[in-house]
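Just so it is clear, none of the values below were taken in a lab; they were calculated from the coordinates. Everything numeric in this text was worked out from a predicted model, so none of it was measured. Reconstructed Cβ throughout: ideal geometry from the backbone, glycine too, with neighbour counts over all protein chains shown.
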Amino acid sequence: MEEFEQEDGISLLDIIKLMFSRKLLLLIITVSIGLVGTIAILFGVNNIRSKYVSEFRYSDQNLNDGKYIDGAVFNYGELLTSSNLVRIKASNSKFDSIDITKLIESNGISINRTVEEKDNVITDIYYSIVAEKKYFSSKNQAKEFIEAIANTALENNTNKVKYLDYDTNLTSFKSATTLDSKVRFLKSQYEFIETSYDNLMSLYNNCVIQSKNKSLAAYVSEFKNAFSLQNSVDTLYGNLLKNAYVLDYDNRIEEYEAIYNTYLSLYESKNSKINELKTLINDTIQTIPDAKLTRYYEEIIKTSNEKRECQEMAIYYANVLGKIDPSDPTYVERATQAESEEFDKDVIAVKNKLVEYTNVLKDVETEILTDNNNVYYSKTNVIYVTENINFIIAVAASLVIGFVVGCITNVILDHNKLTNKPSKKEEDAE
């Protein structure tokens with residue numbers, strides 16, 4: 001034991017004995033500090049350093065693609081704008097105690113978007129909201145507040161569903177005064193319905209419309225079958241050109257002449273644009289051989305289609321006005337007023353059929369978008385706590401600190417027992 005004993009006769013064993021000299025006091029101090037420390041950690045330290053985290057996914061693929069259902073841009077950062085947080089606080093009296101200004105100024109809340117990929121294929125997209133615990137009065141308050149933030153995108157989608165425009169072409173049809181404009185609006189409406197179904201199929205696959213227990217593919221098939229023969233808009237357009245149907249020709253010659261000249265000008269304009277794009281492509285290739293020119297090629301294709309339509313309408317009006325020689329292959333004899341009125345009845349019949357199927361599309365799309373307008377959380381309780389000292393560690397750490405303080409207190413209180421003890425030299429002298 002000599003190696004533990006100092007020159008003045010005080011050994012480590014003496015100090016250890018002194019630490020436990022007042023066992024009751026040691027117990028009281030250990031328990032007291034343990035209790036106070038545990039409370040301080042759980043309700044003080046944890047409240048300052050802990051954070052609430054929520055991970056969630058949107059079921060609507062549009063949101064995951066960065067857009068709302070109407071095509072408007074969805075930027076997930078907009079969920080945490082000052083205006084949105086203030087709006088959410090005002091929406092529920094439970095949030096009155098949340099200081100939005102401090103929450104924002106201290107960067108006490110944040111949001112991130114995570115995209116997981118495997119073999120260059122996106123396998124998952126989810127969002128994470130992290131909020132500092134100290135800004136909330138309770139876990140339940142934080143949970144409801146974060147839910148309200150995530151639901152903002154759903155609310156915007158719901159509002160947009162109510163105002164989706166399905167009838168633009170049909171509204172324009174009502175104000176159209178020429179047969180060709182009526183037919184072209186019907187063609188555009190048909191293409192709109194067709195494209196809308198294609199988009200729904202690409203986003204939601206062959207989902208089932210629950211209210212009718214009917215698949216999306218069945219609706220698409222019914223729509224196309226309804227316009228494949230008798231109500232075909234392409235046949236309607238072809239008949240217009242082939243027979244030069246026109247209403248009230250004698251009283252509207254000047255109007256038709258002006259329209260004809262407009263189409264000629266548009267034709268030349270489109271042709272010039274195509275030539276300019278071709279020249280630009282050739283010049284770019286010579287300067288930058290590896291340049292990506294997809295956008296320019298797509299523009300040429302689009303403009304070429306527009307040029308063809310302008311050419312078709314110019315020939316149509318040329319036939320209406322009798323400007324084409326009968327020997328010309330493009331010549332068509334203008335239809336009589338009676339024939340044109342009968343054709344107009346066919347146009348109205350197709351319009352009525354398109355109105356019917358436009359309403360069907362509206363009902364189908366509304367139900368699909370509503371059913372898929374949801375948010376799913378990774379945790380059943382929506383949020384979980386991070387950077388939090390758990391109960392067991394808090395208790396253990398506090399008791400250890402309490403025990404150390406108790407030992408030190410005993411040594412301080414009874415240090416005289418050490419100083420009054422005879423030194424080893426004195427014992428030897430005796």
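Listed values, structure above:
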| quantity | calculated |
| --- | --- |
| Peptides ranked, highest mean first, by Cβ atoms within 10 Å: ranges 114-127, 143-156 | 143-156, 114-127 |
| Region 51-164, dipole about Cα centre (Lys/Arg Cβ +1, Asp/Glu Cβ -1), debye to the nearest 20 | 440 |
| Förster radius 56 Å - calculated FRET efficiency between residue 83 and residue 344 (Cβ-Cβ, nearest 0.05) | 0.60 |
| Among 277-290, 341-354, 178-191, the order from most to least packed when residues are scored by Cβ within 10 Å on average | 178-191, 341-354, 277-290 |
| Amide H partners (placed H, <5 Å) of residue 74, local residues excluded | 67, 68 |
